[in-house]
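*Asks:* Let me give you the structure first, and then I'll get to my questions.
The values are calculated or read from the model by the stated rules, or taken from the named source; none is laboratory data. What you are looking at is a predicted structure, and each value in this text was computed from that prediction instead of being measured. Ideal geometry is used to build each Cβ from the backbone, glycine not excepted, and the neighbour counts take in all protein chains shown. To get the accessible areas, we keep the full protein, side chains included, count just its heavy atoms, and leave off ligands, DNA and RNA. Shrake-Rupley method; radii C 1.70, N 1.55, O 1.52, S 1.80 Å.
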Amino acid sequence: MSPSAERRPPCILVIGVSGTGKTTVALLLAERLDVPFAEADDFHPPANIAKMSAGVPLDDEDRQPWLESVGRWLRERGAAGTGCVAACSALKRRYRDTLRAACPDAFFLHLTADREVLVDRIEHRAGHFMPTLLLDSQLAALEPLGPDERGATLEASAAPGLIVERAVELLSRE
């Protein structure tokens, strides 16, 4: 690409377990980059939400149609050249592979935090279907980004604005 050629906005997935601040960071990042935002939880069918609300972890069969819906949203924004930011758990490599198949240039920003921080955040938020008792199943399922996966990991204990600044700096090097 020539130095004067304009870069297309990226498609970014802010990933991690519940309580890392994915939605807050993703929304701020989307605003900062002036790109569309999506909360992947909004793509879950009612049966998935009911299952999680009852404290039952989703299995891969439950997740597949959801991941495909999120992937379609990413692909559409990538094809339109608008870029986007989505908050999505994407805990396992195979889930990220599904999303990457839909949007090959996706950048994964993995937020991490200590379990104690996560529990405190989950217990103090309102209006979310994810109960604290599912956190351990998420932590057990979590597969960190592999060295061949396009993305970066950031510690999520900092203020959301600082995390966004760090993310913007990382993306500027892409």
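*Asks:* Inside the stretch 114-152, can you point out the residues that are of a type in the set (D, E, K, R), at pLDDT 90 or above and open to solvent by 50 Å² or more (accessible area, probe 1.4 Å)? Show your work before the answer.
*Replies:* Of all residues in the stretch 114-152, those of a type in the set (D, E, K, R) come to 114-116, 120-121, 123, 125, 136, 143, 148-150.
Then keep just the ones that are at pLDDT 90 or above; that gives 143, 148-150.
143, 148, 150 - these are the residues of the stretch 114-152 that are of a type in the set (D, E, K, R), at pLDDT 90 or above and open to solvent by 50 Å² or more (accessible area, probe 1.4 Å).
*Asks:* Could you please give the count of residues in the stretch 152-168 that are assigned to a loop (DSSP other than H, G, I, E, B) and in contact with a strand residue (DSSP E or B) (Cβ under 7 Å, 6 or more places away or on another chain)?
*Replies:* Residues of the stretch 152-168 that are assigned to a loop (DSSP other than H, G, I, E, B), as a first pass: 156-159.
Right, trim to in contact with a strand residue (DSSP E or B) (Cβ under 7 Å, 6 or more places away or on another chain) and you get 156.
Looking only at that region, the number is 1.
*Asks:* Please find, within the stretch 99-113, the residue that is farthest from residue 44 (Cα to Cα) out of those that are outside any strand (DSSP E or B) and open to solvent by less than 30 Å² (accessible area, probe 1.4 Å). Outline the logic, then answer.
*Replies:* Step one: filter the stretch 99-113 for residues outside any strand (DSSP E or B), giving 99-106, 113.
If we keep only those that are open to solvent by less than 30 Å² (accessible area, probe 1.4 Å) too, we end up with 99, 102-103, 106, 113.
Values: 99: 15, 102: 17, 103: 19, 106: 20, 113: 25 Å.
Out of the qualifying residues, it is 113.
*Asks:* Taking the stretch 154-164, which residues are more than 16 Å from residue 9 (Cβ to Cβ), surrounded by 15 or more Cβ atoms within 10 Å (Cβ to Cβ) and not small (Gly, Ala, Ser)?
*Replies:* Answer for the stretch 154-164, where residues must be more than 16 Å from residue 9 (Cβ to Cβ), surrounded by 15 or more Cβ atoms within 10 Å (Cβ to Cβ) and not small (Gly, Ala, Ser): 154, 160, 163.
*Asks:* Right, next: Which of the residues that make up the stretch 44-92 are part of a helix (DSSP H, G or I), open to solvent by 50 Å² or more (accessible area, probe 1.4 Å), in contact (Cβ under 8 Å) with a residue 24 or more places away in the chain and of a type outside the set (Gly, Ala, Ser)? Quick ask: steps written out before the conclusion?
*Replies:* We begin by selecting, within the stretch 44-92, every residue part of a helix (DSSP H, G or I); these are 46-53, 60-80.
Add one more test, that the residue is open to solvent by 50 Å² or more (accessible area, probe 1.4 Å), and what stays is 46-47, 49-51, 53, 60-61, 64-65, 68, 72, 75-77, 79-80.
Keeping just the survivors that are in contact (Cβ under 8 Å) with a residue 24 or more places away in the chain gives 49, 53, 60, 64, 68, 72, 75, 77.
Answer for the stretch 44-92, where residues must be part of a helix (DSSP H, G or I), open to solvent by 50 Å² or more (accessible area, probe 1.4 Å), in contact (Cβ under 8 Å) with a residue 24 or more places away in the chain and of a type outside the set (Gly, Ala, Ser): 49, 60, 64, 68, 72, 75, 77.
*Asks:* In contact with a strand residue (DSSP E or B) (Cβ under 6 Å, 6 or more places away or on another chain), assigned to a helix (DSSP H, G or I) and more than 28 Å from residue 140 (Cα to Cα): does that describe residue 30? Show your work before the answer.
*Replies:* Details: in contact with a strand residue (DSSP E or B) (Cβ under 6 Å, 6 or more places away or on another chain): yes; assigned to a helix (DSSP H, G or I): yes; more than 28 Å from residue 140 (Cα to Cα): yes.
The answer is yes for residue 30.
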